[in-house]
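Inspection log for the structure reproduced underneath, given as C-alpha cells.
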Amino acid sequence: MKTRNVRSLVQNYDFVINALPGFIGFQTLEAIIEAKKNVVDIAFFAEDPFLLNELAKKQNVVALVDCGVSPGMSNILAGYVNNLLVFIKKLVSPHLSLSESKRNVLSLC
C-alpha cells in the first residue's frame, strides 16, 4: 500500500485504528502519523515503533502502539472476567498476572 493512498484514505477521519498485517503495519502507521491523525495500532511489526516518536510529536498526534491481541486484548478480557468472577485468586499468562492482593489491577509483563 502506498503511503500517499493511506494519507488520502484517512483524511476525513479524526481517529484511525491500524489493524493491517505486520509486513505493512509500520509503513501504514508512519503514513497515518504523517497525515496528522491520532491512531491506535494493533498491527504487530518487527520495526521499533519508537522510531516514529519524534514524528508523532511533530505532527501533534497520539499514537498508541502494540495494542494488539496478546498482550492487549487478552489483558482486557482477563480483567473483565476477573471482575465478573470475584473468586479468582490468581491468574497468570505469559503477558499478564492478576493476584488476590491487587484486585482489579492488571500487571503487564
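Where a number appears in this text, it was derived from the coordinates with a stated rule and is not lab data. Note that the coordinates shown come from a computational prediction; the quantities given were computed from them, not determined experimentally. Here Cβ is always computed from backbone atoms with ideal geometry, including for glycine, and neighbour counts include all displayed protein chains.
Structure values in brief
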| read-out | value |
| --- | --- |
| Criterion violated by Phe44 - all others in (1) in a loop (DSSP other than H, G, I, E, B); (2) among the hydrophobic types (A, V, I, L, M, F, W, C); (3) surrounded by fewer than 14 Cβ atoms within 10 Å (Cβ to Cβ) satisfied | (3) |
| Residues of the range 6-28 satisfying the condition of being exposed (fewer than 14 other Cβ atoms within 10 Å of the Cβ), in a helix (DSSP H, G or I), without any contact (Cβ under 8 Å) to a residue 24 or more places away in the chain and not hydrophobic (A, V, I, L, M, F, W, C) | Ser8 |
